[in-house]
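Here's the structure, in structure tokens; my notes come after.
The values are calculated or read from the model by the stated rules, or taken from the named source; none is laboratory data. Being a predicted model, the structure only gives us computed values, none of them experimental. Counting neighbours? That spans all protein chains shown, and the Cβs are built from the backbone with ideal geometry, glycine included. All accessible areas refer to the heavy atoms of the entire protein, side chains included, with ligands and DNA or RNA removed. Shrake-Rupley method; radii C 1.70, N 1.55, O 1.52, S 1.80 Å.
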Amino acid sequence: MDLNNKLAALDQIYQIYDHFASGLDLACRKHCAHCCTTGVTLTTVEGYKMAKKLESGENTRWIEKIEQALKQPHFQLKITTNQLANMCAEGIELPAEENTGWTACPFLTHALCPLYIVRPFGCRCLVSRNDCGKEGCAEIDDFVLSVNTLFLQTIEHMDAGGCTGNLLDILGVMALKENRQRYAEGKLNCRHPGLIRNHPLKVLMVPPEHRTRMEPILQSLRNIRI
Ligand code: SF4
Ligand code: SF4
């Protein structure tokens with residue numbers, strides 16, 4: 001799939017998820033941003049979309065912000081969601097994730113996201129039934145977790161040939177015009193620090209008890225036309 005088609009598909013995937021999330025009973029509200037941290041991960045197609053938006057905006061210091069944040073320890077994935085699904089299906093032991101600690105997302109401004117419209121799925125799916133600030137952590141319904149996993153798997157599959165990584169690592173790569181060009185030509189490799197190669201979706205990580213309820217969402221994803 002070429003880049004324009006990937007971006008068009010991504011917009012539709014986001015729309016389907018945002019419609020689903022709008023029907024949930026959540027504590028999330030404007031200026032609530034405890035979940036906006038450097039722990040967010042995303043794919044290259046999402047990073048490309050964010051970098052293009054940043055490049056066209058007024059904040060010319062965004063690359064500097066990313067470079068500063070990259071100097072701090074930050075969470076890095078060892079495997080992608082589709083790899084995780086495949087390893088679970090094959091009974092392979094999963095690698096332990098390192099807890100590097102999280103700080104606030106460098107884009108957060110007065111508890112608001114200046115990139116809200118193009119925020120990646122990893123930000124969109126951070127939802128909670130309770131107020132994380134008061135309770136100390138998010139409370140996410142099991143069905144919502146399954147739906148989130150389905151979308152993570154779908155976006156990774158759609159971004160075939162691309163990479164997954166931490167927000168800082170992906171934007172650090174996408175900040176460079178030549179890397180965006182390489183990505184647009186399908187020539188970006190995932191050997192940059194913190195990036196791992198995307199994998200195709202082979203096994204859906206949807207528990208049997210959620211399959212019937214999830215069918216309309218699956219159908220909406222199948223109906224995506226570009
Ligand atoms: S996930 Fe938690 S911190 Fe984030 S907006 Fe929702 S309630 Fe607030
Ligand atoms: S990109 Fe925006 S929504 Fe995502 S963590 Fe940063 S400030 Fe929050």
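At a glance:
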read-out: Top positive-direction residue, dipole computed over the chain with Cβ charges, set A33, A9, N179; value: N179
read-out: Size of electric dipole in the chain: Cβ of Lys, Arg +1 and of Asp, Glu -1, about Cα centre, debye, nearest 20; value: 620
read-out: Heavy-atom surface of the chain, accessible at 1.4 Å and reported per residue (Å²); value: 55
read-out: Residue-averaged [θ]222 nm for the chain, counting only DSSP H segments that reach four residues, each worth -39500 (n - 2.57); value: -14000 deg cm²/dmol
read-out: Point-charge dipole on Cβ atoms (K/R +1, D/E -1) for region 123-226, about Cα centre, debye to 20; value: 520
read-out: Cα shape, the chain, gyration tensor, a/c 1.5 rule; value: rounded
read-out: Normalised contact order of the chain, rounded percent, pairs of Cα under 8 Å and 6 or more residues apart; value: 34
read-out: Carbon + sulfur, % of accessible area of region 1-98 - ligands and nucleic acids excluded, 1.4 Å; value: 49
read-out: Nonlocal amide H pairs with T37, under 5 Å, H built at 1.01 Å; value: C105
read-out: Pair D11, N223: separation of 7 Å Cα→Cβ label points (nm); value: 1.8
read-out: Charge dipole of the chain about the Cα centre (unit charges at C-beta), most positive-ward option of S56, H199, M87; value: S56
read-out: In Å², nearest 10: area of L94 left accessible to a 1.4 Å probe; value: 70
